[in-house]
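Each remark here refers to the structure printed beneath this line.
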Amino acid sequence: MSAGSRVQKPVSRAERPRLGRDFGKLWTAAAFSNLADGLLRTAVPLIATTLTRDPLAIAALGAVAFLPWLLFGLPAGMLVDRFDRRWIMAIANTLRSGTALVLAILTVTGSLDIPSLLVATLVFGFGETLFDNATNAIIPALVDDRGRDRANGFMQAAQVTIDSFVATPIAGVLFAVSLALPLWVGTAGYVIPIVLAILLPLSAARPLRRPRAVLDATGDPTDAAAVGLSAATPVAAPAPAQDATEPRVTAKEAAAYLWRHRYLRALVLFTSVVGCAFSFAQAPTILYFLDEMRVQPIAIGFVTAGIGLGALAGSLVAPMLVESFGRGAVMLGANIGAGACLVGVGLAPEVITGVLAYAGLAFSVSTWNVPWGALRQTIVPNQIFGRVLGIIRTFTWGVFPFATLLGGLVARYDLRLPYLIAAGVTLVATAVACRLLLRASTFTGPLED
């Protein structure tokens, strides 16, 4: 077996690398940004329910949140690869902070309506494409391959912890006090990450450089070995004079890299199908708990906190599961668990059972996100990572709006039906892609002699 195709080895706790202070800055910036995201993600749909109870209209807000990944995913990736990633993070949060401020003013003046919420949600989504692409692309510059599952786990844990256990309960309470209050707090929450992003080291500003030959990978683990490197092997950045003469990798070449990488291409297709199923199912979530489970608006944040407990557990457990069983087995198990929990949500007789099933779904999704994020960072050369990630999210997240709207349309007839349909799609897709998912463990980090 070639070096490039070694099965991923378990890592003992003693061998775990330190993530470092610079990663701590990135993590903190993401945490504060997630605080603002969580406040607005909870407040905007709740505010919308004071204006309409139409499931399709509520679902439209979720759809619009993903629309920027269809329209702006690739351009965002190109910006991340060509410009200072620290400043991209700062600009993205400046944009989101300003939008939240405008939304708060409209609420206070009584001028708020559904179109205003849709436009604001769209702008939040555009900022998210920039911020998330940049933070994902920076991780490989701060953390080597051995620590990336842990790094992604910590990032996922920060998102879930702040979003679910801090932001959403607070947002529900603030909403009960005043419609505009969570919007004011969200406006302030985006400011701190702006400063932290600028304070990141210079290594976070630009992509790691790797030999151009790596871009010819076709997706087999042995391809990287053929050129003497894995796709994750860092190479020292060249001197400015050399960099000036180095051919610039275009978006077309990044797209061609993804297309030629058979394994990554197939996994992106699978992710798109399952992600659409999740978006379809989650379209009526707010109304599911408000109308079907009879939860009061002030308690919605506490319900989502219970769901977030599952997501947090998945984020924390996923790196340990990967160390013990490998990425492939974890990715397969996460999708089986997600399908089973969707059935549980659709058939839940009362709110406690519904929350537990939804928490199981959140656990499964978080467990998937950690190895999937680390796998992308391992496979894709860092100098084109932003563009490749942009293409991936354009193709996957870009179709989520249509699935969300379709889920909202189905929810007009029955708020439970989208969960059951999504469960069937998820389980069938996972059965078809079983071997594909298990093969994820054959992609490793830097080659060993």
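List of remarks:
- Pairwise label distance in nanometres, residue 252 with residue 21, each label 7 Å out on the Cα-Cβ vector: 4.6
- Heavy-atom accessible area ranking, 1.4 Å probe, most first, across 293, 320: 320, 293
- Karplus (6.51, -1.76, 1.60) ³J(HN,Hα), θ = phi - 60°, over region 324-340, in Hz, Gly and Pro reported as x: 7, 10, x, 4, x, 5, 5, 5, 5, x, 4, 6, 4, x, 4, x, 5
- Contour excess over end-to-end distance, with Cα ends at residue 340 and residue 294 and 0.36 nm allotted per residue: 14.2 nm
- Annotation: per residue accessible area for region 288-425 equals 33 Å², rounded to a whole number [probe 1.4 Å, protein chains only].
- Contour excess over end-to-end distance, with Cα ends at residue 320 and residue 173 and 0.36 nm allotted per residue: 49.4 nm
- Inter-label distance, nm, simple model (7 Å from Cα along the C-beta direction), residue 195/residue 414: 5.3
- Under the Karplus curve 6.51 cos²θ - 1.76 cosθ + 1.60, θ = phi - 60°, whole-Hz ³J(HN,Hα) for region 129-141, x wherever Gly or Pro sits: 4, 6, 5, 5, 4, 5, 5, 5, 6, 6, 3, x, 6
- Distance from the alpha carbon centroid of region 99-126 to that of region 378-414 works out to 24 angstrom.
- Couplings 3J(HN,Hα) of region 111-127, computed from phi: 9, 6, 8, 4, x, 5, 5, 5, 5, 5, 4, 4, 5, 4, x, 4, x Hz, in residue order, whole Hz [Karplus 6.51 cos²θ - 1.76 cosθ + 1.60, θ = phi - 60°; x for Gly and Pro].
- Accessible heavy-atom area order of 413, 288, highest first, probe of 1.4 Å: 413, 288
- Residue order for 162, 336 - accessible surface, 1.4 angstrom probe, largest first: 336, 162
- About the centre of its Cα atoms, region 108-153 shows a dipole size close to 120 debye [charges on the beta carbon of Lys, Arg (+1) and Asp, Glu (-1) only; nearest 20 debye].
- Protection-proxy order for peptides 86-96, 169-179, each taking the mean of Cβ atoms within 10 Å per residue, highest first: 86-96, 169-179
The values are calculated or read from the model by the stated rules, or taken from the named source; none is laboratory data. In this text, all values refer to a predicted model and were calculated from it rather than measured experimentally. FYI the Cβ positions are ideal-geometry reconstructions off the backbone, even for glycines, and counts take in every protein chain you see. Ligands, DNA and RNA are stripped out before the accessible areas are found, and what is left, the full protein with its side chains, is counted by its heavy atoms. Shrake-Rupley method; radii C 1.70, N 1.55, O 1.52, S 1.80 Å.
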